[in-house]
Number of protein chains: 2
Amino acid sequence: MSRRSGILEFAVLGLLREAPMHGYELRKRLNTSLGVFRAFSYGTLYPCLKTLVANGWLIEEPGSAPEEALAASLAGRRAKIVYRLTAAGKEHFEELLSHTGPDAWEDEHFAARFAFFGQTEREVRMRVLEGRRSRLEERLEKMRASLARTRERLDDYTLELQRHGMESVEREVRWLNELIESERAGRDRRSGPDAPALHDNESGETGGLPRHGGSTRPDPSDDTAK
Amino acid sequence: MSRRSGILEFAVLGLLREAPMHGYELRKRLNTSLGVFRAFSYGTLYPCLKTLVANGWLIEEPGSAPEEALAASLAGRRAKIVYRLTAAGKEHFEELLSHTGPDAWEDEHFAARFAFFGQTEREVRMRVLEGRRSRLEERLEKMRASLARTRERLDDYTLELQRHGMESVEREVRWLNELIESERAGRDRRSGPDAPALHDNESGETGGLPRHGGSTRPDPSDDTAK
DNA sequence: AATTTCATGTAATTCGTTACATGATTCC
DNA sequence: GGAATCATGTAACGAATTACATGAAATT
């Protein structure tokens with residue numbers, strides 16, 4: 001019951017799996033570290049955390065810094081609340097990770113899944129990447145069909161919008177192709193049904209992503225932005 | 001009051017400005033012809049149409065086919081409802097078109113605006129394109145900053161996600177640059193305060209978009225899809 | 001005759017935001 | 001000591017979806 005959000009729940013569990021955190025920090029990581037993928041507000045996050053606690057997947061802990069705990073105990077002061085994943089929460093997250101329902105291919109859902117690929121088994125990674133790709137290919141076909149049907153009735157701008165949209169999708173398909181290829185390459189020999197199941201993966205083994213030219217130089221002219 | 005949806009309202013008015021239509025067809029055009037931009041369901045569309053009628057921007061007309069009107073008059077039968085833009089509606093849409101609030105640069109809003117560029121004055125087109133571009137450049141800066149701050153703490157997949165996201169944004173900026181350039185080129189000489197205001201633009205004058213290689217051949221292997 | 005597609009709607013529910021309210025900590 | 005940022009929450013609202021309910025027209 002209380003089937004909260006899906007993607008937010010998933011992302012929160014995933015982030016907390018790496019390390020305990022309080023809400024404020026959680027939100028920042030949600031909005032920056034994890035790709036471009038959507039900005040949640042506190043009004044969304046805090047109630048969600050409550051629910052996850054109620055489900056037994058998280059526990060609230062007083063802030064870890066000793067003076068905080070002291071200050072909190074002295075008066076009725078409010079201290080930072082650090083959320084930590086419980087064993088049940090870990091289990092639940094792992095279950096979510098292996099679920100490859102057809103929702104997993106949708107835009108934001110996919111991005112969230114991808115963001116936690118580091119904690120995902122290779123087999124599942126493949127399913128998600130391939131599922132996403134065929135979802136996009138479906139979309140492309142629909143776009144092509146609709147374009148073929150209506151091309152002459154459309155003005156230049158509408159046409160240009162369609163063209164650009166299609167090109168974006170095509171570009172993502174190419175990206176997925178590269179990723180899938182390098183997953184396959186990383187598989188090498190031996191990856192039978194007894195996969196290593198990298199539950200507590202610390203080894204630097206990620207299969208080796210397609211090295212793109214890192215044009216993203218540090219750019220010293222801005223650090224924390226305005 | 002009853003500030004409905006924004007983008008749906010805008011798109012509906014824009015589509016009906018071209019020709020009267022009934023709800024079902026409207027929805028199809030919303031989801032196909034107008035770029036990739038989001039699929040609205042009937043549960044959203046019909047109530048919205050009601051509101052627009054209540055505001056005096058649309059009127060409901062019985063289906064135009066003569067047998068339908070006849071059938072409807074005979075019994076209490078339900079006939080197709082064709083929506084037509086009123087004079088007030090036309091005026092309202094034109095007002096929305098010229099509005100360039102900061103919302104106009106956001107993803108979906110922008111797509112909707114762009115889709116109706118054929119009915120938009122050149123000056124406004126420029127403002128929207130440039131606004132969108134600077135919005136994206138802001139976003140890029142934030143992404144670069146956040147990446148510079150967190151690069152070493154991130155695993156390969158998260159990094160790859162970020163990289164791909166940034167590249168997508170960069171690509172759109174390049175697209176906008178082309179568009180802006182060709183808008184400027186189309187302006188030629190003379191485009192003072194007395195612009196032609198293409199209210200009932202039928203002339204093929206659109207300024208000439210950057211001709212991209214039309215790789216979108218008809219593809220006879222699917223017409224109306226499954 | 002049955003199925004698909006066209007066509008219009010409503011009610012309940014989900015997901016998420018904005019605005020508000022409060023207070024602690026850090027930096028200048 | 002004042003501003004910015006950190007930190008946690010709630011209530012009211014908004015936008016849109018899903019599932020439901022209905023029925024006509026076209027196609028097979």
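When each of A:Val12, B:Val53 is scored by the number of other beta-carbon atoms lying within 10 Å, the sequence from fewest to most is B:Val53, A:Val12. Neighbour counts of C-beta atoms inside 10 Å place B:Glu121, A:Glu95, A:Glu138, A:Glu9 in the sequence A:Glu95, A:Glu138, B:Glu121, A:Glu9, starting with the fewest. Taken residue by residue and averaged, Cβ atoms of other chains lying within 10 Å of the Cβ of B:118-127 number 1.
For every other residue with a beta carbon closer than 12 angstrom to the beta carbon of A:Glu181, add +1 if it is Lys or Arg and -1 if Asp or Glu, then tell me the sum. Show your work: numbers first, answer last.
Working: positive: A:Arg133, A:Arg174, A:Arg184, A:Arg187; negative: A:Glu130, A:Glu178, A:Glu183.
Neighbourhood net charge equals +1.
Amide hydrogen proximity for B:Ile81: with H placed 1.01 Å from N in the peptide plane, the residues at 5 or more positions away or on another chain lying under 5 Å are B:Gly23. A simple rule links phi to the HN-Hα coupling: the Karplus curve 6.51 cos²θ - 1.76 cosθ + 1.60 with θ = phi - 60°, which for region B:51-58 gives 4, 5, 5, 4, 7, x, 8, 10 Hz, with x for Gly and Pro.
Distances between copies at A:Glu152, taken between label points 7 Å from Cα along the C-beta direction, are 6.3 nm in increasing order.
Electrostatic bookkeeping for B:Val169 treats Lys and Arg as +1 and Asp and Glu as -1; over the other residues with beta carbon under 13 Å from its beta carbon, the sum is +3.
Since every read-out is calculated from the coordinates, none of them should be taken as a lab result. It should be emphasised that the depicted structure is a prediction, and the values quoted were computed from it without experimental measurement. Quick reminder, even Gly has a Cβ in these numbers, built from the backbone with ideal geometry, and neighbours come from all protein chains shown.
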